[in-house]
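None of the figures in this text is laboratory data; all of them are computed from the coordinates on show. Computed from a prediction, not measured in an experiment: that's the story for all the values here. With ideal geometry, Cβ positions are generated from the backbone for all residues, glycine too; neighbour counts draw on all protein chains shown.
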Amino acid sequence: MAIGTESRGSVGRVRETLARLGLETEIKEFDASTRTSADAAAAIGCTVAQIAKSVIFRAKNANQPVLVIASGVNRVDERKLEAAIGDKIGRADADFVRAATGFAIGGVAPVGHTGPVRIFIDQDLDQFDEIWAAAGSPNAVFRLTPADLRRVTGGQVIAVK
């Protein structure tokens, strides 16, 4: 497992945030990318559904980042998300994601953002004993439980599909 310079900064921020929030877990970094849910599941040896993928949207009127942490097999229903946030949403480009979260697309962690982010969690993740989330770079992940995810993010659980 190789660790790059950029990875150390973002991954280090996630590691420090998790420790501050009282979540003891190991961050695993892989030589291969874990950018997609399928890549992550293959590297980890879990199902794609156990990947807690991060999808960033932009609330149009509020112009704020909205993070949906969804099961790797689910596609976010944007109408349901709009109803939950009370605003229209749009896709967030790479520059917006980095400016809003401090992370590159493919490595957005559920914690350790550099600014305020509104967070929603896919209710389908609750069916698993353990799930895996990005840890700040496109090749780093960490394991946690759905209850841990809710606790450390303060995210609102919703039906996303």
For the range 21-32, in residue order, the Karplus 3J(HN,Hα) values (coefficients 6.51, -1.76, 1.60; θ = phi - 60°; whole Hz; Gly and Pro = x) are 7, x, 9, 8, 7, 9, 8, 9, 10, 10, 5, 8
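Excluding L81 itself, what net charge comes from residues whose Cβ is under 15 Å from its Cβ, given Lys and Arg +1 and Asp and Glu -1?
Numbers: positive: K53, R58, K60, R75, R79, K80, K88, R91, R118, K161; negative: D77, E78, E82, D87, D122, D124.
Spelling it out: positives minus negatives among the neighbours equals +4.
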What GluC sites (Glu not before Pro) in the range 61-161 are in a loop by DSSP, with at most 14 other Cβ atoms within 10 Å of the Cβ? E130
Using just the helices of the chain, give the 222 nm mean residue ellipticity in deg cm²/dmol: DSSP H runs with n ≥ 4 each add -39,500 (n - 2.57), and the total is spread over all residues, rounded to 500. -8500 deg cm²/dmol
If you restrict to DSSP beta bridges whose two residues both lie in the chain, what percentage is antiparallel, to the nearest 5? 65
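Tally Lys/Arg at +1 and Asp/Glu at -1 over every other residue whose Cβ is under 13 Å from the Cβ of G154; what's the total?
Numbers: positive: R118, R150, R151; negative: D148.
Net charge around G154: +2.
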What are the ³J(HN,Hα) values, in whole Hz, obtained from phi via the Karplus relation 6.51 cos²θ - 1.76 cosθ + 1.60 with θ = phi - 60°, for each residue of the range 130-139 in sequence order, with x given for Gly and Pro? 9, 9, 10, 10, 5, 10, x, 8, x, 10
To two decimal places, what compactness ratio does the range 5-158 give when its Cα radius of gyration is scaled by 2.2 N^0.38 Å? 0.95
What ³J(HN,Hα) values, in whole Hz, does the Karplus curve 6.51 cos²θ - 1.76 cosθ + 1.60 give for the range 117-127 when θ = phi - 60°, with x put for Gly and Pro? 9, 7, 10, 10, 10, 5, 4, 5, 5, 5, 6
